[in-house]
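Read through the structure below, which is laid out as structure tokens, and then see the notes.
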Amino acid sequence: MERLKHKAYNFRIYPNKTQELLIAKTIGCARFVFNHFLSEWSRAYKETGKGLSYSTCSKQLPMLKREFLWLKEVDSTAIQTSVKHLSDAYKRFFKKQNQAPRFKSKKNRVQSYTTKCTNGNIAIQDRKIKLP
């Protein structure tokens, strides 16, 4: 039986100003969603003794997008992934593998977001990479 290998790639990108702005917005929105659900999770834990689940948070995303219209401008997969990362961080915390998740800061030197390749939204064409 052949095993599938997961691959990851690092790229150095040189975006123009509008692309730079969209990447910054995506990072900011992913950070906002992570921090929003982190505070919701903490509040729910203090009130009930139980945190929220990933499915509970992801069901609240459409309402959050209606409340904050600027969340619709960026890649939705990046926003969903930040909720998934929060859920994974809490799972590892309760297994005593990590410390409790902390709020993400704009002042941190390393800023990133994660997206997934679905329906060809990420492609390499003529030495250029196309991102969602």
Problem - In the range 32-90, residue nearest to THR114 (Cα to Cα) [restricted to those that are basic (Lys, Arg) and assigned to a helix (DSSP H, G or I)] - result: LYS84
Handout entry: Test: ARG3 is loosely packed, with under 11 Cβ neighbours inside 10 Å and under 26 Å from ARG127 (Cα atoms)
Key = no
Practice task
Answer yes if at least one residue in the range 120-128 is surrounded by 11 or more Cβ atoms within 10 Å (Cβ to Cβ), at pLDDT below 90 and at negative phi, and no otherwise.
Solution key: yes
Exercise for the section: With the condition kept exactly as written, say whether any residue in the range 17-34 is polar (S, T, N, Q) and either surrounded by 15 or more Cβ atoms within 10 Å (Cβ to Cβ) or touching a residue at least 40 places away in the same chain (Cβ under 8 Å) (or both). Expected result: yes
Exercise for the section: Pick out the one residue from ASN98, ASN10 that is in a loop (DSSP other than H, G, I, E, B), exposed (fewer than 13 other Cβ atoms within 10 Å of the Cβ) and among the polar types (S, T, N, Q). Expected result: ASN10
Fill in the blank from the handout: LYS106: passes all of (1) closer than 28 Å to ILE13 by Cα; (2) not in a loop (DSSP other than H, G, I, E, B); (3) not aliphatic (A, V, I, L, M) but (2)
Exercise for the section: Report whether or not ARG43 is basic (Lys, Arg), at pLDDT 90 or above, surrounded by 11 or more Cβ atoms within 10 Å (Cβ to Cβ) and over 15 Å from the mean Cα position of the chain (by Cα). Expected result: yes
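Listed here are the residues, each with its yes/no results for (1) surrounded by 10 or more Cβ atoms within 10 Å (Cβ to Cβ); (2) under 17 Å from PRO132 (Cα atoms); (3) free of Cβ contacts under 8 Å to residues at least 40 places away in the same chain; (4) out of contact with any Phe, Trp or Tyr (no Cβ under 7 Å at 6 or more places or on another chain).
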{"position": "THR56", "(1), (2), (3), (4)": "yes, no, yes, yes"}
{"position": "MET63", "(1), (2), (3), (4)": "no, no, yes, yes"}
{"position": "ASP75", "(1), (2), (3), (4)": "yes, yes, no, yes"}
{"position": "ALA89", "(1), (2), (3), (4)": "yes, no, yes, yes"}
{"position": "LYS116", "(1), (2), (3), (4)": "yes, yes, yes, yes"}
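The values are calculated or read from the model by the stated rules, or taken from the named source; none is laboratory data. These numbers were taken from a predicted model, which means no experiment stands behind them. Cβ: placed from backbone, ideal geometry, glycine included. Neighbour counts: every protein chain shown.
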